[in-house]
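**Q** Take a look at the following structure, please.
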Amino acid sequence: MSSAAIALMVISLVVLWGGLAASIVVIVRRPDRTDWPDGWEQHEDGAGDRPDEPVEHDT
Amino acid sequence: MSDAQSRTAEPEKREEFSGQLGFILSAVGSAVGLGNIWRFPGVAYENGGGAFIVPYLVALLTAGIPILFLDYAVGHRFRGGAPLAFRRIKRWLESLGWFQVAICFVIAVYYAVIIAWALSFFGYSFDLRWGDDTVSFFTGEYLQLADVGGADPWFTLDFVPAVLIPLAIVWIATIAVLAAGVAKGLEKINLVFMPLLLLAFGTLVVRALFLPGAADGLNALFTPDWAVMADPNVWIAAYSQTFFTLSVGFGIMITYASYRRRRANLTSPGLVVAFSNSAFEVFAGIGVFAGLGFLAHQEGVGVAELDGISGPTLAFMTFPALVSEMPAGPLFGALFFGSLVMAGFMSLLSIVQVVSAAFQEKFGWSRRQASVRIGVVSAVLSVLAFSTTTGLVALDTVDQWANNIGIVVSAIAMCVLLGWVLRRTEEMRFHLNAVSTIPVGRWWTFCVVVLGPVVLAAMLVSRIVSLVQDGYEGYAGWYLVVMGWGTVVLLVVAAFVLTRMRWRVEPDVHDTWPRFGGRS
């Protein structure tokens, strides 16, 4: 293989597999938010997801 | 009886993926398909070799990932498959959702046939049944094409049992998995098949690297031709590759995201999905070109002189020839075609799930009813159109129009309608940032509102001009009008008819969370 071909192969692998590794590290370190916007409690257990199910608000 | 009173059918509670891993593996399983194995290497080779990585990465970051995030935001915020989610954004937008469902239906009908071919060849691998002349075996003995050269007659009902039987198996398996549900069917299959696919294909790639001539193949794939960077067609090829490979713009990722619980991270899993798909693609390219280098070495020719380096020709004509030359050929043939079956099947499940979800939501069908009804109708159409002696030509034509016209039009319409007409992309960005750990900035809005649709429009125009001026594969003009443009017309008609049909459940009572400005 030519040196240019080897270099491009290595760069491609490093960038794409490196990108994958980095994104896995990020999601493992912080899988989800801890500070959710207001009102999430009303939607636990899929409440409000069914097409025919109105959501009742207490405010 | 009023319209509201008549909508009495009780839908099942919305299904959910069991967690982050299940969602990521299912989304990767959907994105990693046949195109990763047989399309990317050929496209890279023909568009600058190693230099292609530059436009490819730019396209991934500026169109592939941004449109993937847009799909996630629509499905997750509006809690539905494509028609329901779009309707909740704006009532008349439902037709775009049905257009995407129609695309998925058409693709599923022929995509299953390719998996059936791969299943047959998986079996043939064990005794290398294709012999020395793999081209004649595939087109003649296996597909029994009515007229290999000129495709005349253009349509027959002469069924080919060697295709029909595996095709029936593929559809039965699809119905069974989808009937089991998102968590117990779809997710579990992906949890098993994704690691198996990596293991099987990984073994094949490592073996290919040690074959004589492998270095020549890799040299051909990665030697950069920097001059192509100035060629707009190379950039269009890069955008086109990243767009098609990520399964964006036609409802799959909208549907999958709708099965995530409300409090779920979207952007970080999205990056894992996008980079997994691209990493697998480059990995597959290395395996394929190492193998092609070996084949060229055995035949005493240069890699550039080989025919059939992409698409079904690569898989079903060139690769069998390569496997026949390899030490332990039957084992590696089985690994290759087994990988095709697994990659294709995971993608097929995601495509059919789009159709199933849409019918469940609009007509109040249970998931079992939807799986069986849609599966049976699709299977019958698959058999009638594509398991005959004229199936290959029909498949090739419908695939060209459904993908290059249908999907591209769908994605442009989504970006333009949400970004320019309804101006809802800031709401989508707000949603992504409210639930995700990696925020998206204004660059994202620019990519989905300006850059993405402009590049997609360039792709579309260039393809339409080519199809109108040059036709396709030398097929008869009337045939392309009926099977190609006719498919596009069918997609549009199906979208309007299905939109006009009455909802069996109330679709519009919906609480959007988190609240954006004064809008819920």
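**Q** (1) under 27 Å from the mean Cα position of the chain (by Cα); (2) β-branched (Val, Ile, Thr); (3) more than 26 Å from B:Gln241 (Cα to Cα): which one isn't true of B:Val505, the others all being true?
**A** (1)
**Q** Residues that are facing chain A (nearest Cβ under 9 Å), at least 3 per element: which helices (runs of 4 or more DSSP H) completely within region B:10-85 meet that?
**A** Per the criteria, B:53-59.
For every residue, the table says whether it meets (1) part of a loop (DSSP other than H, G, I, E, B); (2) of a type in the set (Val, Ile, Thr).
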position	(1), (2)
B:Phe283	no, no
B:Val288	no, yes
B:Leu292	no, no
B:Ala296	no, no
B:Val301	yes, yes
B:Thr318	no, yes
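**Q** Is it the case that region B:265-285 has a residue that's more than 12 Å from chain A (Cβ to nearest Cβ) and either open to solvent by less than 10 Å² (accessible area, probe 1.4 Å) or modelled with pLDDT of 90 or more (or both)?
**A** no
**Q** Take B:Ala116 and tell me if it is open to solvent by less than 10 Å² (accessible area, probe 1.4 Å) and over 28 Å from B:Trp478 (Cβ atoms).
**A** yes
**Q** Taking B:Gly333 as the residue in question, decide whether it is away from chain A (no Cβ under 14 Å), buried (at least 21 other Cβ atoms within 10 Å of the Cβ), at pLDDT 95 or above and in a helix (DSSP H, G or I).
**A** Here the answer is yes, as B:Gly333 does meet what is asked.
**Q** Sticking with this structure for a sec: Which numbered condition in (1) of a type outside the set (Phe, Trp, Tyr); (2) more than 14 Å from every other protein chain (Cβ to nearest Cβ); (3) under 30 Å from B:Arg368 (Cα atoms); (4) touching a Gly at 6+ places or on another chain (Cβ under 7 Å) is the only one that B:Val234 fails?
**A** Answer for B:Val234: the failing condition is (3).
**Q** Answer yes if at least one residue in region B:221-231 is in a helix (DSSP H, G or I), among the β-branched types (Val, Ile, Thr) and open to solvent by less than 20 Å² (accessible area, probe 1.4 Å), and no otherwise.
**A** no
**Q** When region B:425-452 is examined, which residues are found to be modelled with pLDDT of 95 or more and not hydrophobic (A, V, I, L, M, F, W, C)?
**A** Result: B:Thr425, B:Glu426, B:Glu427, B:Arg429, B:His431, B:Asn433, B:Ser436, B:Thr437, B:Pro439, B:Gly441, B:Arg442, B:Thr445.
**Q** Let me ask something else about it. Is it the case that B:Leu96 is at pLDDT 95 or above, assigned to a helix (DSSP H, G or I) and open to solvent by 20 Å² or more (accessible area, probe 1.4 Å)?
**A** It is false that B:Leu96 is at pLDDT 95 or above, assigned to a helix (DSSP H, G or I) and open to solvent by 20 Å² or more (accessible area, probe 1.4 Å).
**Q** Hey, any hits in region B:382-405 for a residue that's open to solvent by 30 Å² or more (accessible area, probe 1.4 Å) and more than 21 Å from the chain's Cα centre (by Cα)?
**A** yes
**Q** Regarding region A:30-41, can at least one residue be identified that is closer than 30 Å to B:Gly302 by Cβ, at the interface with chain B (Cβ under 8 Å from one of its Cβ atoms) and either open to solvent by 40 Å² or more (accessible area, probe 1.4 Å) or in a helix (DSSP H, G or I) (or both)?
**A** Scanning region A:30-41, I find no residue that is closer than 30 Å to B:Gly302 by Cβ, at the interface with chain B (Cβ under 8 Å from one of its Cβ atoms) and either open to solvent by 40 Å² or more (accessible area, probe 1.4 Å) or in a helix (DSSP H, G or I) (or both), so the answer is no.
**Q** Since B:Asp307 meets every condition but one in (1) open to solvent by 30 Å² or more (accessible area, probe 1.4 Å); (2) assigned to a helix (DSSP H, G or I); (3) modelled with pLDDT under 95, which condition does it not meet?
**A** (2)
**Q** Could you pull out the residue among B:Ala200, B:Ala208 that is within 27 Å of the chain's Cα centre (by Cα), part of a helix (DSSP H, G or I), small (Gly, Ala, Ser) and farther than 30 Å from B:Thr255 by Cα?
**A** The unique qualifying residue is B:Ala208.
**Q** Please pick out the residue among B:Ser366, B:Ser339 that is open to solvent by 10 Å² or more (accessible area, probe 1.4 Å) and over 25 Å from A:Ile6 (Cα atoms).
**A** B:Ser366
**Q** Look through region A:14-25, keep the residues that are closer than 12 Å to B:Val272 by Cα and open to solvent by 60 Å² or more (accessible area, probe 1.4 Å), and return whichever of them is farthest from the other protein chains (Cβ to nearest Cβ).
**A** A:Val25
The values are calculated or read from the model by the stated rules, or taken from the named source; none is laboratory data. Small disclaimer: the values here were computed from a predicted structure and weren't measured. Glycine also receives a Cβ, built like all others from the backbone with ideal geometry; neighbour counts cover every protein chain displayed. Ligands, DNA and RNA are stripped out before the accessible areas are found, and what is left, the full protein with its side chains, is counted by its heavy atoms. Shrake-Rupley method; radii C 1.70, N 1.55, O 1.52, S 1.80 Å.
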